[in-house]
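A short write-up of the structure that comes next.
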Amino acid sequence: MKALVICFLLMGHLAEMGHCTETHDQILSITPTTPEQVGIVKNISTQYETALWQPVDAQYIQEETQVHLFVPANSSATVKALLQRHNIAHEVLLDNTNHLIEMQTRNDSTDPRSTTSFYEQYHSLEDIYYWINRTAQDNPNTIQTILLGSSFEKRPLYALKISLNSENKKALWIDCGIHAREWISPAFCLWFVQYSLAFYKQNQDITDILDNMDVYILPVMNPDGYLYTWTTNRMWRKSRSIHPSSYCVGVDLNRNFDANWCTEGASNDPCSEIYCGAFPESEPESEAVANFLRSKKDTIELYLSIHAYSQMLLFPYSCTLDEAQNHNELLEMAQDASRNIRRYYRNTYKYGAGAQTIYLAPGGSDDWAYNLGIKYSFTFELQDRGRYGFLLPPSHISQACNEALLAVKTIARRVIDKT
Ligand code: ARG
Ligand code: ZN
């Protein structure tokens with residue numbers, strides 16, 4: 001119905017039947033080529049009801065670089081008319097995102113005839129909490145839940161500790177779901193736990209990891225935001241905290257850590273997608289994680305934070321263009337992981353220091369953990385490179401997670417050998 005209404009409106013404006021196909025929510029790929037066009041695209045992304053997928057903030061839009069923009073059906077006509085009027089190259093990257101979102105939230109786990117496993121689907125926050133409890137209950141000797149704190153809306157932040165050999169070992173930390181819309185990230189944390197339980201003593205790499213390290217997994221660092229992407233706005237990124245001075249909601253938790261906090265690459269505007277918060281660790285989610293890491297800083301040797309999308313293996317620094325003290329070591333590890341992914345899965349992952357590889361992004365958890373003394377610290381950006389972006393179909397979960405798993409194995413192996 002909605003599509004038809006827009007169709008009539010469009011006929012009035014453009015009198016061109018070619019435009020009068022059904023309009024859905026879409027992702028547009030837009031490539032501005034002049035400073036003027038850059039200005040227009042920045043304007044569109046901030047003035048109209050749209051959501052930027054790439055880059056993360058309008059300030060990074062530049063000439064000759066693709067912009068991925070979510071355009072809801074009701075803004076579609078206006079946005080496309082503007083692009084056409086200014087001759088800005090654009091194409092539909094994804095049509096009918098509603099359909100894709102429906103596919104992602106459909107849950108076959110209640111259907112006994114379903115062939116896809118639990119781990120090849122996305123799960124609601126409620127299901128993830130249930131899974132955490134269930135996994136701990138079913139594995140009382142190996143898995144322990146740790147309550148790290150609670151979110152702004154008072155949801156518990158549970159981490160799982162996998163400990164298969166109880167001597168005082170070193171540890172690996174993995175967090176997922178800092179950013180709400182990056183659904184493949186929590187899916188990876190669940191995948192990793194399941195793989196660890198199923199393949200200990202079956203697969204040499206995971207066995208070596210678990211024999212040498214305890215593993216802490218935080219499946220959803222931003223539960224309020226994650227829930228919000230399931231109920232209200234699939235494109236939400238930030239937390240859901242409210243601020244006394246603004247109508248805008250949420251803080252970018254990956255700009256809220258104490259690493260060159262709120263310098264270039266973050267924003268002090270609560271309405272920005274990269275809002276740094278009122279002060280470092282102002283948010284209960286980042287504070288809880290920072291407190292836990294501080295308390296375990298002498299055992300945790302490897303810190304991993306899982307994001308999407310763009311297929312990158314990043315390491316410090318993101319908060320400065322300076323090189324980390326062990327830059328070459330980190331570079332070799334990431335390079336090795338990227339090579340393995342290419343060899344086994346024929347897929348390309350870029351790697352490098354964050355600021356040099358994508359953009360300055362201060363206040364990130366990886367840089368903060370690194371400065372705390374965890375010398376092996378990485379942020380993974382999982383699949384894909386923009387074909388589906390944040391709406392990666394469930395049928396891609398398995399390969400995306402296996403690639404990331406291979407990167408974890410490659411890097412953890414080298415950390416174990418060094419320490
Ligand atoms: N896409 C991630 C972000 O914008 C990149 C994270 C890289 N690390 C960092 N500390 N910023 O948050
Ligand atoms: Zn992210």
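So here's what we get for this one:
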quantity	calculated
LEU360, LEU313 arranged by Cβ crowding within 10 Å, fewest neighbours leading	LEU360, LEU313
Packing-based exposure ordering (other Cβ within 10 Å, fewest first) of CYS401, CYS176, CYS248	CYS248, CYS401, CYS176
Where GluC sites (Glu not before Pro) fall in DSSP loop in segment 284-339, at most 15 other Cβ within 10 Å	GLU323
Volume per residue that the Cα convex hull of segment 297-360 spans, once the total is divided by residue count, Å³	103 Å³
Unsatisfied cross-links (Cα-Cα over 31 Å) in the set LYS201/LYS238; LYS42/LYS297; LYS161/LYS238	LYS201/LYS238; LYS42/LYS297
Cα-derived Rg to Rh of segment 121-195, Kirkwood definition	0.96
Neighbour-count order for ASP127, ASP417, fewest beta carbons within 10 angstrom listed first	ASP417, ASP127
C-alpha center-to-center spacing [segment 135-197, segment 262-323] in angstrom	18 Å
Segment 233-315: chymotrypsin sites (Phe, Trp or Tyr not before Pro) in DSSP coil with no more than 13 other Cβ atoms inside 10 Å	TYR247
Dipole magnitude (debye, nearest 20) for segment 356-403, charges at Cβ of Lys, Arg, Asp, Glu	60 debye
The chain - share of DSSP beta bridges that are antiparallel (%, nearest 5)	55 percent
Share of pairwise Cα separations in the chain, more than 34 Å, in percent	30 percent
Residue-wise HN-Hα coupling along segment 265-276, computed from phi with Karplus coefficients 6.51, -1.76, 1.60 (Hz; x: Gly, Pro)	x, 10, 10, 9, 8, x, 7, 7, 5, 10, 5, 7
Selected from TYR228, PRO244, ASN260, residue furthest toward positive end of dipole (segment 222-272; charges at beta carbon)	TYR228
Estimated distance in nm for a label pair at GLU91 and CYS271, the labels positioned 7 Å out from Cα along Cα-to-Cβ	3.4 nm
Debye, to nearest 20: dipole size of the chain, +1 on Lys, Arg Cβ, -1 on Asp, Glu Cβ	580 debye
Difference of contour (0.36 nm per residue) and Cα-Cα distance, HIS327 to PHE279	14.4 nm
Cβ-placed point charges (K, R +1; D, E -1), dipole of segment 269-370 about Cα centre in debye, nearest 20	640 debye
Relative contact order computed over the chain (Cα-Cα under 8 Å; 6+ residues apart), in percent	15 percent
MRE, 222 nm, helices only [DSSP H, n ≥ 4, -39500 (n - 2.57), over the chain, to nearest 500]	-12000 deg cm²/dmol
Tail beyond 21 Å, pair distance distribution of segment 100-225 (Cα, percent)	42 percent
Most positive-pole-ward Cα, TYR351, ASN326, SER185, against dipole of the chain from beta carbon charges	SER185
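Every number in this text was worked out from the coordinates using simple rules, so none of it is lab data. Bear in mind the structure is a predicted one, so any value in this text is a computation, not a measurement. Glycine also receives a Cβ, built like all others from the backbone with ideal geometry; neighbour counts cover every protein chain displayed.
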